[in-house]
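Heads up, the thing below is written out as structure tokens.
The values are calculated or read from the model by the stated rules, or taken from the named source; none is laboratory data. As the structure is a computational prediction, the values presented were derived from the model and not from experiment. Cβ: placed from backbone, ideal geometry, glycine included. Neighbour counts: every protein chain shown. To get the accessible areas, we keep the full protein, side chains included, count just its heavy atoms, and leave off ligands, DNA and RNA. Shrake-Rupley method; radii C 1.70, N 1.55, O 1.52, S 1.80 Å.
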Amino acid sequence: MPILQANSLCKRFGSTPALQDLSLEIQAGSCYGLLGPNGAGKSTFMSIVSGFLTPDSGTLSLAGKQLDPNDTAQKKKIGLSPQHIALYKELSAEQNLKLFGKLYGLSGKTLSQQIEYALEVAQLADRRKPPVKEYSGGMKRRLNIAAALMHKPQVLLCDEPTVGVDPQSRNAIFDTLLQLKSEGMTIVYSTHYMEEAERLCDQIAIIDAGTILRTGTLDALLQELPRSNLIRARASQLSAQRQADLARFGALSRDAATLELQTAPDFKLSSFFHWAEEHGLDPTHFQIARPTLENLFLHLTGKALRE
Ligand SMILES: Nc1ncnc2c1ncn2[C@@H]1O[C@H](COP(=O)(O)OP(=O)(O)OP(=O)(O)O)[C@@H](O)[C@H]1O
Ligand SMILES: [Mg+2]
């Protein structure tokens, strides 16, 4: 049985449809990626799951039971790390966590234990005292996630948790999420970045304009792409004649520095390399790329995941 199930969720803001008949199933203990561009409906979905927004129609169920925003026991099973940092800037990490813990009804020993746990998760145990306004973007993000864990939720909703963080904090966030997952937590992760979805998520939903276009594992999703290869070369390494020759192998696009070849269905790598050898071209001039979710998004929607 899935831990979280959405059935035909619809939500409009005025004339803007934010979610249109959105259905999905998330298995317990998995990391589920919501991959989509600006305005796809990722945050709207998370706000509905965490009870901050009410859908116009459709239902949600948690562990097989219909989710009721007034049911506090159910609400405690869900933690939201919102897209926009929700922390008190004048307060320290410790004071912020205390406040969030109290909001969830924690007190006494449980509260202090959870504060220590959350500080460890955020890797801020030794930076617990300074006010949050003195933190880097990465530290704030880590604390923003840790605050969502104070009440020991079973499902953690992470809304674009790597925006505005340095690469080191980004890795720290990935490590934290993988650790939480290994401890059995279910994670819902929204992002614009296909690399993140590819790295972290067991299941990925590609979402655009409030609709789920496809769901599946990374491998299953990539199977949907037409069988073709992408071959890149630097323009400076090929004469004008050789650049023109490439068009015989497929669709050629170019900018000033790079040539990109989307190979034709009858393409054979062996003939390509034979051609290169015949013309004395070093095979290391060519880079063969595997298809990505970016290509799939383009294939499904005709537009790029990020403008
Ligand atoms: N409170 C609101 N009032 C009016 N329109 C809204 C509101 N919240 C969201 N929308 C609209 O609903 C649509 C979905 O927005 P949502 O924030 O869920 O997208 P998102 O996938 O989270 O985008 P982003 O990647 O930019 O965070 C967008 O067209 C957005 O403009
Ligand atoms: Mg959003």
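Measuring against 32 Å, Cα to Cα, the residue pairs 65/303; 42/129; 133/303; 129/181; 42/133 contain 65/303; 42/129; 133/303 as the ones spanning a longer distance.
Loop-resident trypsin sites (Lys or Arg not before Pro) (DSSP state other than H, G, I, E or B) in the stretch 245-301 with no more than 16 further Cβ atoms inside 10 Å of their Cβ: 268.
Surface exposure of the chain, expressed per residue as accessible area with a 1.4 Å probe, stands at 50 Å². If you filter the stretch 211-241 for trypsin sites (Lys or Arg not before Pro), then keep DSSP loop positions with at most 11 other Cβ within 10 Å, what is left? Those satisfying the criteria are 227. Here the relative contact order of the stretch 4-222, from alpha carbon pairs under 8 Å that lie six or more residues apart, stands at 31 percent. Summing Cβ point charges (Lys, Arg +1; Asp, Glu -1) relative to the Cα centre of the chain gives a dipole of roughly 900 debye. The convex hull around the C-alpha trace of the stretch 1-159, projected and averaged over every direction, spans 10.1 square nanometres. For residue 80, nonlocal amide neighbours, meaning residues 5 or more places apart or on other chains whose placed amide H falls under 5 Å from its own, are 157. Surface composition of the chain: carbon and sulfur atoms hold 50% of the protein heavy-atom accessible area at a 1.4 Å probe. Put a dot 7 Å past the Cα of residue 73, heading toward its Cβ, do the same for residue 16, and the two dots end up 3.8 nm apart.
Among the chymotrypsin sites (Phe, Trp or Tyr not before Pro) in the stretch 1-103, those placed in a DSSP loop whose Cβ has at most 13 other Cβ atoms within 10 Å are 52, 88. Taking every alpha-carbon pair within the chain, the share separated by more than 38 Å comes to 27 percent. Antiparallel beta bridges, as assigned by DSSP with both residues in the chain, represent about 65 percent of the total such bridges.
Taking every C-alpha pair closer than 8 Å and separated by at least 6 residues, the mean separation divided by the residue count of the stretch 175-302 gives a relative contact order of 25 percent.
For the stretch 230-290, a Kirkwood radius taken over Cα pairs fed into Stokes-Einstein (20 °C, viscosity 1.002 mPa s) yields D = 186 µm²/s.
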